[in-house]
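Notes follow the structure.
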Amino acid sequence: MTPGSEASWPPGPSAPDTPPAAQSVPSARPAAGVPDASDDKGPTARRMILGSQLRRLREAAGYSRADAGYEIRASESKISRLELGRVKFKGRDVEDLLTLYGVRDETQRSAFLELVDQSAQPGWWQKFNDYMPRWFDDFVGLEEAAARIQTYELQFFPGLLQTQEYARAIMTHGLPEHASEAADARVRVRMRRQRLLFRPDAPKLWAVVESRCCIGRSAATMSTARSSSRCSS
């Protein structure tokens, strides 16, 4: 996964992390057309894996997106969104598509339907949806599944390397003693995101940070910046 500038949260009055410039998740190519549901990749990655497998089956069977859409009473654009993993799947739709594509083996069909169920499970971050923009759901979902994360920062340390004090100083514009409920929730999200760096299969993190991240800040932010610097070095 390759986020772009992950500036402050919020850089303005209420805006969260800036959206990534580009994102990628390791591709999955299960054998015999069976989607791999064994790894805990999170709902976002599971939808992408499921959509990719359905696209391969459709193309192998020689059907167009319009053909597939007609089968499940949907538009061609919806089939495109399904195959890109951008929307949730319904078990009935997947069953109908598998039948159209000639998938009769019960083991294969069960694997697809199991992945449908798994992809519908909420991620840990979704309980914070009231404090995050809609795009952030996919951002965190892809971050959880990434094998590599690259970021370039002009103003602040990357969110994945910030201490709690540093994050709170940013969220409150240097006034942590006046933190709102929303600011505290956003700090909790940022700290929770950092757990992925301590997993056995943790992604590799590459961060390029401008020197201005450590200069020209308030005293409160500077002290926490020095702490973040020690933690990330």
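Brief remarks on what is shown
- Criterion: modelled with pLDDT of 65 or more, outside the structural domain of residue 154 (by TED's automatic domain parsing) and buried (at least 16 other Cβ atoms within 10 Å of the Cβ) - qualifying residue of 37, 68, 60: 68
- Options 142, 205, 115: the member that is in contact with a strand residue (DSSP E or B) (Cβ under 9 Å, 6 or more places away or on another chain) and not in a loop (DSSP other than H, G, I, E, B): 205
- Restricting attention to the stretch 176-190 and to residues that are touching a helix residue (DSSP H, G or I) at 6+ places or on another chain (Cβ under 8 Å) and over 21 Å from residue 139 (Cβ atoms), the residue that is surrounded by the fewest Cβ atoms within 10 Å (Cβ to Cβ) turns out to be 179.
- Residues located in the stretch 47-62, provided they are out of contact with any Pro (no Cβ under 8 Å at 6 or more places or on another chain) and in a helix (DSSP H, G or I): 47, 48, 51, 52, 54, 55, 56, 57, 58, 59, 60, 61
- Residue in the stretch 179-189 that is at pLDDT below 85 and over 28 Å from residue 146 (Cα atoms) present: yes
- Exactly one residue among 162, 194 is touching a Lys or Arg at 6+ places or on another chain (Cβ under 7 Å), within 26 Å of residue 42 (Cα to Cα) and either modelled with pLDDT under 90 or not small (Gly, Ala, Ser) (or both), and that residue is 162.
- Check on residue 217, at pLDDT below 90, surrounded by fewer than 18 Cβ atoms within 10 Å (Cβ to Cβ) and not polar (S, T, N, Q): no
- Cβ-Cβ distances below 8 Å connect the following pairs, each with a first residue in the stretch 188-206 that is assigned by TED's automatic domain parsing to the domain that holds residue 152, a second residue that is among the aromatic types (Phe, Trp, Tyr) and surrounded by 17 or more Cβ atoms within 10 Å (Cβ to Cβ), and a separation of six or more residues or different chains: 188/128; 189/125; 189/128; 189/131; 190/9; 192/125; 193/125.
- Count of the stretch 125-141 residues which are at pLDDT 85 or above, among the hydrophobic types (A, V, I, L, M, F, W, C) and in contact with a Pro (Cβ under 8 Å, 6 or more places away or on another chain): 3
- Residues of the stretch 100-112 satisfying the condition of being touching a residue at least 24 places away in the same chain (Cβ under 8 Å), part of a helix (DSSP H, G or I) and over 15 Å from residue 43 (Cα atoms): 100, 107, 108, 111
- In the stretch 127-139, the residues that are over 15 Å from residue 87 (Cα atoms) and assigned to a helix (DSSP H, G or I): 127, 128, 129, 130, 131
For (1) touching a Gly at 6+ places or on another chain (Cβ under 6 Å); (2) exposed (fewer than 15 other Cβ atoms within 10 Å of the Cβ); (3) touching a residue at least 40 places away in the same chain (Cβ under 8 Å), each residue gets a yes or a no:
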{"residue": "120", "(1), (2), (3)": "no, yes, yes"}
{"residue": "133", "(1), (2), (3)": "no, yes, yes"}
{"residue": "140", "(1), (2), (3)": "no, no, yes"}
{"residue": "145", "(1), (2), (3)": "yes, no, yes"}
{"residue": "164", "(1), (2), (3)": "no, no, no"}
{"residue": "171", "(1), (2), (3)": "no, no, yes"}
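The values are calculated or read from the model by the stated rules, or taken from the named source; none is laboratory data. The structure presented is a predicted model; accordingly, all values stated were derived computationally and were not measured. No Cβ is skipped: glycine too gets one built from the backbone with ideal geometry, and neighbour counts run over all protein chains shown.
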